[in-house]
Amino acid sequence: MKNSTSRTGFTIVELLIVIVVIAILAAITIVAYNGIQDRAHNSKVQSELNRVHKLVQLYASENGSYPSTGGLNTTLTDANCNIPGTNRTANWVPDLAADISLPQSHTLPSGVSSRGGCYIYASDGTNYVVSAWNMVSGEPQTNTLYRRLGFREASLSSQFYICNHTNIGGASSGTYNINWDYYKHSYTLSNITGCNETPPNGA
């Protein structure tokens, strides 16, 4: 009589199938997690920017003018700003009450080329721009905080207000590229109405 044997374990093909399935599930999980992280980050930045905007409006209602940096071409950035040579300060909106804590930017990659960005403020007392510049994580945005006005590229040290400019608007080469559109990678609030914010073709 021959002893009958039963097969145990997995074949190499079966093991490879299991590994591939696990890898696919892991990739899906990572993508979903990153998407959740991006949305949470963006929601927090939007909330913080809206809070600062309300502080600027409150200051104007009490003082008759907006907190001034000396002009729209003179900017203040938060203390963590990664743009070299900028006017960094924890109190990047001047003249607010000393006990008011303003948000500071993070070191996580965001915006165009994942360069990261800054909170930036500029005002001449009459007009103001307050922005979470190049701080959008994930896909470029087009929500209610999308304005085609803001500042210079995050890689340049000379910061100033600039209206719907091709160099930072994703159309510097003549063909629009949303991945190089700083305006769509930023959240901006302003009372400026004189800027022609018509987006370039393809935007």
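The values are calculated or read from the model by the stated rules, or taken from the named source; none is laboratory data. Here the structure is a predicted model, which means the values were calculated and not measured. Glycine also receives a Cβ, built like all others from the backbone with ideal geometry; neighbour counts cover every protein chain displayed.
Before moving on, here are some points about what is shown:
Results for (1) polar (S, T, N, Q); (2) surrounded by fewer than 18 Cβ atoms within 10 Å (Cβ to Cβ); (3) under 13 Å from the mean Cα position of the chain (by Cα), shown as yes or no for each residue.
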| residue | (1), (2), (3) |
| --- | --- |
| GLN104 | yes, yes, yes |
| GLY116 | no, no, yes |
| GLY150 | no, no, yes |
| SER157 | yes, yes, no |
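- Here is the figure for the range 178-190: residues that are surrounded by fewer than 19 Cβ atoms within 10 Å (Cβ to Cβ) and closer than 14 Å to VAL52 by Cβ total 0.
- Checking each residue in the range 163-177 for being surrounded by fewer than 21 Cβ atoms within 10 Å (Cβ to Cβ) and either under 17 Å from ASN73 (Cβ atoms) or under 14 Å from the mean Cα position of the chain (by Cα) (or both) picks out CYS163, ASN164, HIS165, ASN167.
- Residue list for the range 46-78, filter: of a type outside the set (S, T, N, Q) and under 25 Å from PRO140 (Cα atoms): GLU48, LEU49, ARG51, VAL52, HIS53, LYS54, LEU76, ASP78
- Members of the range 82-101 found to be touching a strand residue (DSSP E or B) at 6+ places or on another chain (Cβ under 7 Å) and under 20 Å from ASN50 (Cβ atoms), listed by number: TRP92, VAL93, PRO94
- In summary, THR198 fulfils each of the numbered conditions (1) of a type in the set (Ser, Thr, Tyr); (2) under 17 Å from GLU48 (Cβ atoms); (3) more than 14 Å from the chain's Cα centre (by Cα) with the single exception of condition (2).
- Lone qualifier among SER105, SER65 - being under 26 Å from GLY194 (Cβ atoms), of a type outside the set (Phe, Trp, Tyr) and part of a loop (DSSP other than H, G, I, E, B): SER65
- Among (1) modelled with pLDDT under 95; (2) surrounded by fewer than 14 Cβ atoms within 10 Å (Cβ to Cβ); (3) not in a loop (DSSP other than H, G, I, E, B), the one test that ARG51 misses: (1)
- Failed item in (1) of a type outside the set (Lys, Arg); (2) surrounded by 14 or more Cβ atoms within 10 Å (Cβ to Cβ); (3) at pLDDT below 90; (4) within 29 Å of ILE36 (Cβ to Cβ), with THR144 passing the rest: (2)
- Inside the range 71-88, residues that are in a loop (DSSP other than H, G, I, E, B) and buried (at least 16 other Cβ atoms within 10 Å of the Cβ) make up a count of 5.
- Spans of strands (runs of 3 or more DSSP E) in the range 108-203 with at least 2 residues within 19 Å of THR86 (Cα to Cα) and not aromatic (Phe, Trp, Tyr): 118-123, 128-133
- The number of residues in the range 114-154 that are under 15 Å from TYR182 (Cβ atoms), among the polar types (S, T, N, Q) and touching a residue at least 12 places away in the same chain (Cβ under 8 Å) comes to 5.
- Tally of residues being within 22 Å of ASN87 (Cα to Cα), under 24 Å from the mean Cα position of the chain (by Cα) and not hydroxyl-bearing (Ser, Thr, Tyr) across the range 51-70: 6
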